[in-house]
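The values are calculated or read from the model by the stated rules, or taken from the named source; none is laboratory data. Just so you know, these numbers come straight off a predicted model, no measurement behind them. A quick note on method: Cβ atoms are made from the backbone with ideal geometry, for glycine too, and the neighbour counts reach across all protein chains shown. Heavy atoms of the whole protein, side chains included, go into the accessibility calculation; ligands, DNA and RNA do not. Shrake-Rupley method; radii C 1.70, N 1.55, O 1.52, S 1.80 Å.
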2 protein chains.
Amino acid sequence: METTHRQDRLSTAERRRRELLEAAERVVLRDGPGASMNAIAAEAGITKPILYRHFGDKGGLYRALAVRHTDALVDSLRAALDAPSDRRERVEAALDTYLAAIEARPQVYRFLMHPAEDPAEDPAGDRGFDVGQHSAPLLRRLGEELATVIAERIELGPEGEERARVWGHGIVGMMHAAGDWWLRERPCPRERLVEHLTDLLWGGLVTAEDRADGPGL
Amino acid sequence: METTHRQDRLSTAERRRRELLEAAERVVLRDGPGASMNAIAAEAGITKPILYRHFGDKGGLYRALAVRHTDALVDSLRAALDAPSDRRERVEAALDTYLAAIEARPQVYRFLMHPAEDPAEDPAGDRGFDVGQHSAPLLRRLGEELATVIAERIELGPEGEERARVWGHGIVGMMHAAGDWWLRERPCPRERLVEHLTDLLWGGLVTAEDRADGPGL
DNA sequence: ATCCATCTGTTACTAGCGGTAACAGAAATA
DNA sequence: TATTTCTGTTACCGCTAGTAACAGATGGAT
């Protein structure tokens, strides 16, 4: 039967694809973002051309990996924003969700965001899993998602759409940059970072006083 | 005389270095961030080993290029924050300065921030000017600079230092992500982007009303 | 049974990359 | 004049992403 045949083909192909993705993930978690296609193929117990037949190129493999994690993260964030509490608590929950995610799996985060770590750590070659600025797709997607949530739920008057998108991308960028810095330096516990960021979003810059000395801001 | 000799040596070496940097900049502006060491050497009219004698490795050449631009940008931002006006106007000026800079020289900006563009645009090889996530150094530096300005000028109570650093990195991240998105999509004139971002920092999230429909935020 | 198409997998290669060793000539020093 | 030092080259290494070409297996159609 043709349909059965087709279905079997697709099924085995998909199972293969899953295996390859899992192997790739293992290698990326072990070797960092500089994992090479050769290494991934070896880990999967096959050779390069198969990898290329399944994913086209290195970027395709990356994207397949990234989509999984990004989907999971987006789901968590949506859940946090759907919690039954007031606005500030929801924002705190969303920030905390993101930060908890990158704290829990920093290797995954680094892979998604940072093509290659410190160049000094990878002297043999940074020509690894670069694939053209990964972070942009992930960050842009998060920004767009947040923008739609904002536009759906908050009344922003005329140009509200535009405003929502600016805010979405801006807030995501704030979260990302602060999280990146915090993950590197770990200057304080997570809840305090969340608090500081929420305060900033809640108009901290307006209410704070100038220092007595200094030129003021 | 020995001193003269030394001085001449240093002088010629430094002039050479400048020439090489300018050649590198030309190539980067022409070929995008994927410029190769070979191409840069060719543009400078010499061969690779000379490049490596001057800059050590690709990362060294990148850093030399990046420091120039970053210095200039930091100076502009400091100037904007020193203007004699109220706080909101200063923040607007700083945002506008940054956005005007990336608008005026987007290639430079992309080079500083994005190791390789869309992978599909660079099929021949993305193993170009990656050098381990450029953006981090630049963004981290901007974040730290802003943090010190905030800490110097605003009274933030206990843990003010920590708060200032979180805010510094957060605001820089917001500016960067929003600017990156805006530069790609150009959905509105610059001044309106500045206005939206300032509104966000000025507590826009607090004062906005829930929409009548929808679950609210 | 046989032919044909298709899928899976391999080996062996290309072109280009970052980076370096080894050498050749010029210039200043002794 | 002999020697060091600087500038520059050619020719290479090991690595990468990506591909062409081929070798069996599998399964339906005649």
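Things to note:
- 3J(HN,Hα) from dihedral phi, the range B:184-193, Karplus parametrisation 6.51/-1.76/1.60, rounded to Hz, x for glycine, proline: 6, 9, 6, x, 6, x, 4, 4, 6, 4
- Taken residue by residue and averaged, Cβ atoms of other chains lying within 10 Å of the Cβ of A:152-163 number 5.
- Positive contributions from Lys and Arg (+1) and negative ones from Asp and Glu (-1), summed over other residues with Cβ under 11 Å from the Cβ of A:ARG88, come out at -3.
- Distances between placed amide hydrogens fall under 5 Å for B:ILE154 paired with A:ARG211, all partners being 5 or more residues away or on another chain.
- Computed from phi, the 3J(HN,Hα) profile of the range B:88-95 under the Karplus parametrisation 6.51, -1.76, 1.60 (θ = phi - 60°) reads 4, 5, 5, 4, 4, 5, 5, 4 Hz, with x in place of Gly and Pro.
- Accessible surface buried once B binds A (1.4 Å probe; total of both sides; Å²): 6300 Å²
- Using θ = phi - 60° and Karplus 6.51 cos²θ - 1.76 cosθ + 1.60, couplings along the range B:34-51 (whole Hz; Gly, Pro as x): x, 4, 9, 4, 4, 4, 5, 4, 4, 4, 7, x, 9, 10, 3, x, 4, 4
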